[in-house]
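Nothing in this text is a laboratory measurement; each read-out follows from the coordinates by a stated rule. Just so it is clear, the model here is predicted, and its values are computed rather than measured. With ideal geometry, Cβ positions are generated from the backbone for all residues, glycine too; neighbour counts draw on all protein chains shown.
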Amino acid sequence: QGRAGWPEFAAPVWGGNYTNPYGTALTATVKRADGAAHQSPALLGGLDAFTSTTAGGSLYKVSPLASGTAVLLVGAVDGQTPEPVAWTFQRADGGKSFYTSLGHVDDFRGDLLPRLLVNAIAWSLESR
C-alpha cells in the first residue's frame with residue numbers, strides 16, 4: 001500500500017540514479033574501482049585474481065551516485081565516461097544495500113558475478 005508508484009526508488013534504496021543503458025551494441029569492460037579492495041574486502045573476497053571482464057549486457061547510466069555509496073566495480077564503453085557497476089549504500093534509515101547492474105545470463109558464466117553475489121549475501125547478513 002502506498003508504493004504502487006515509487007519512481008524515486010533507486011535513490012533512497014540503492015543510492016543510484018538510473019537513467020538508461022548505453023545499449024547492447026557497445027561492449028562494456030568491467031574492472032575494480034580504485035581503492036575498492038581496501039574499502040570492501042568482504043565483498044571482493046575470493047576475487048584476488050580478477051582484473052577485468054566483459055559485461056554480458058548493457059552498461060547502465062547510474063551516475064551520479066548518492067552520498068554514502070562505496071563503488072566496488074566500474075564499467076566502461078568506448079567514448080563514454082565509466083559508470084559504477086557495483087556498490088554499497090548506507091541508507092538514511094540506517095540500513096545498508098548492495099547493488100549491481102550485472103545480471104545478464106552471460107555474466108553468470110564467469111567467476112565474477114557468482115562470487116560477488118555470494119559475498120554480497122554474506123555481507124548483507126553481517127551486523128551493522
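The structure-derived value of Kirkwood radius over Cα pairs in Å appears in the list (1) 16.6; (2) 15.1; (3) 14.8 under the label (2). Taking each DSSP H run with n ≥ 4 as -39500 (n - 2.57) and averaging over every residue of the chain yields -4500 deg cm²/dmol at 222 nm.
The distance from the alpha carbon centre of region 101-122 to that of region 25-81 is 12 Å, rounded to a whole number. Sticking with the crude label model, points 7 Å out along Cα→Cβ, report the distance from LYS61 to TYR18 in nm, one decimal please. Going from the LYS61 label point to the TYR18 one covers 1.5 nm. Compared with the direct C-alpha span, the chain from HIS38 to SER52 gains 3.3 nm at full extension, assuming 0.36 nm per residue.
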